[in-house]
Amino acid sequence: MDFIIAKYNYWIYIILMMIGFYAMIVKNNLAKKVVGMNIFQTALILLFISTGVKTGGATVPIVIGDAHGHAIPGTLHAIDYINPLPHVLMLTAIVVMVATFGVALALLIMIFKRYKTIEEDEILEIRRKEAFT
Amino acid sequence: MIRRHEDIIIESLARFLTPFIQAFALYVLFLGHYSPGGGFQGGVLMGASFILLVIAYDIIEGKRRITEKFNIVLNATGVMVFSGTGLLCLILGGEFLDYSQLAAILPVGPEEARGLGILAVEIGVEITVAAIMVSIFLDLASAGEHEEALK
Amino acid sequence: MKTLDIIGWFAVLTTGALLIYGTAEMPNWGDPNSPPSTHVSPRYIEKADEETHTPNMVTAVLADYRGYDTMGETTVIFTAGVSCMMLLRRRQGK
């Protein structure tokens, strides 16, 4: 039982990640593949964030200090604050997620202008016909 | 291809809300030292305020407020503010992005200079993120044709 | 089409099972002594405010200790915006 409580958050993220992975490798529609990639990235972000949690009264990584918000020397202990490092890394990862989503949608628009469809098998069919003629 | 609907409620509400969203974006940017926030979050809010105007009106009205050339200049300005801060530290004798060297030209100690260097960098991030959000949205929403999509 | 579905399900289930098997070695949820929370993160928590005068540790680490990383990130979104423009925007008078 302790094992399940200690690990079930990873299992939920892995299930979410596999939903995205399934959409990426099986779905025929390129837009669905892009959405699958987004789900995959979201699962990774959740996985990283969950490694920063500390039980036992730890709070958000902003110093609780004097009236100006600055720390009183000697009162900062690592056990009182959750790990700020995953938050920093994932803050930048979210922005990269938005950027890759934008570029992927731009590529999709160009593919649709060229082939008039975004179904993968129809695009392959058109390309095969073009190669013969 | 967002067409104008001439709906007075939506248009005046969007015009009323935009300055508040922009003020909140600046609040999030400058309070990033003391509360959750920073350049990325403030930049997305700043971009969202402009995207709200484009959705409520149309692309022509949006491009009347920020022209495409100005937006491209803003894109590059943010990256230049960021790397320019790093270069300034290099010129002042430290390493790249070592903000404590800024104490030589600012009337504060090295610790406060590092805090101010963080603020300068966050402003650069905010400008770039806001301009890029608007630029990606305008390109994707009209499939790259901007106001020609309305004709 | 049917075989592709079966191969896809097989790949997804195998990868998922391997990853779940791998979580047995991962740190427990909320463990203060887990590897991510022990090496460099206590140094950031204890020294960030003193060294950078910024109470928000996330901002301090983002823009100061790992400023080079964030500069690369800004360049990445700049590149993404420019490539969107280059892919989609039509030339004038065409």
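Any read-out appearing in this document is the output of simple, stated calculations on the displayed coordinates, not a laboratory observation. Model, not experiment: these values are computed from the prediction. Because the Cβ atoms are built from the backbone with ideal geometry, glycine has one as well, and the counts that use them run over all protein chains shown.
Some points to look at:
- Under the span-like rule (Cα at least 18 Å along the axis, Kyte-Doolittle mean at least 1.6), DSSP H helices of chain A: A:84-115
- Cβ-derived FRET efficiency at R0 22 Å, residue A:48 paired with residue A:8, nearest 0.05: 0.80
- Helix B:39-56 axis, angle to chain B major axis (alpha carbon atoms, nearest 10°): 20 degrees
- Per residue of peptide B:109-116, the mean number of Cβ atoms on other chains within 10 Å of the residue Cβ is 5.
- Dipole of the protein assembly as shown computed with +1 at Lys/Arg Cβ and -1 at Asp/Glu Cβ about the Cα centre; of B:38, A:11, B:99, farthest Cα towards the positive end is A:11.
- The mean number of partner chain beta-carbon atoms within 10 angstrom of a residue's beta-carbon across peptide A:115-123 is 0.
- Rounded to the nearest 10 degrees, the inclination of helix B:110-141 to the longest alpha-carbon principal axis of chain B is 20 degrees.
- Estimated FRET transfer efficiency when R0 is 30 angstrom, pair residue A:121-residue C:29 (beta carbons, to 0.05): 0.10
- Over the protein assembly as shown: helical MRE at 222 nm, DSSP H runs n ≥ 4 each giving -39500 (n - 2.57), nearest 500: -23000 deg cm²/dmol
- This model, with +1 at the C-beta of Lys and Arg and -1 at the C-beta of Asp and Glu, gives the range C:40-94 a dipole about its Cα centre of some 840 debye.
- Order of A:98, B:134, B:73 under a 10 Å beta carbon neighbour criterion, fewest first: B:73, A:98, B:134
- GNM on chain C, alpha-carbon springs under 10 angstrom: the most fluctuating residue among C:23, C:70, C:59 is C:23.
- Choice from A:62, A:39, A:118 with maximal GNM fluctuation in chain A (Cα, 10 Å cutoff): A:62
- Nitroxide proxy distance, nm - points 7 Å out along Cα→Cβ at residue A:70 and residue B:76: 4.0 nm
- Rounded to the nearest 10 degrees, the inclination of helix B:68-91 to the longest alpha-carbon principal axis of chain B is 10 degrees.
- A simple spin-label model places pseudo-atoms 7 Å from Cα toward Cβ; at residue A:31 and residue C:50 they are separated by 5.6 nm.
- Only lysines eight or more places from residue B:63 in sequence, or on another chain, were considered; those with a Cα closer than 18 Å are B:151.
- Point-to-point label distance, residue A:130-residue C:18, nm (Cα→Cβ direction, 7 Å offset): 3.5 nm
- Gyration tensor (alpha-carbon) shape descriptor, the protein assembly as shown, a/c threshold 1.5: oblate
- Comparing B:10, B:77, B:90 along the charge dipole axis of chain B, the residue lying farthest to the positive side is B:10, per the Cβ-charge model.
- Pairs with C-alpha atoms separated by more than 22 Å, drawn from the list A:32/C:2; A:33/C:2; A:129/C:2; A:32/A:113, are A:129/C:2.
- Sparsely packed loop sites in the range B:60-100 (the GluC sites (Glu not before Pro) outside DSSP H, G, I, E and B with at most 12 other Cβ atoms within 10 Å) comprise B:95.
- Number of partner chain Cβ atoms within 10 Å, mean per residue of B:39-46: 3
- Neighbour-count ranking [beta-carbon atoms within 10 angstrom, fewest first] of B:44, C:61: B:44, C:61
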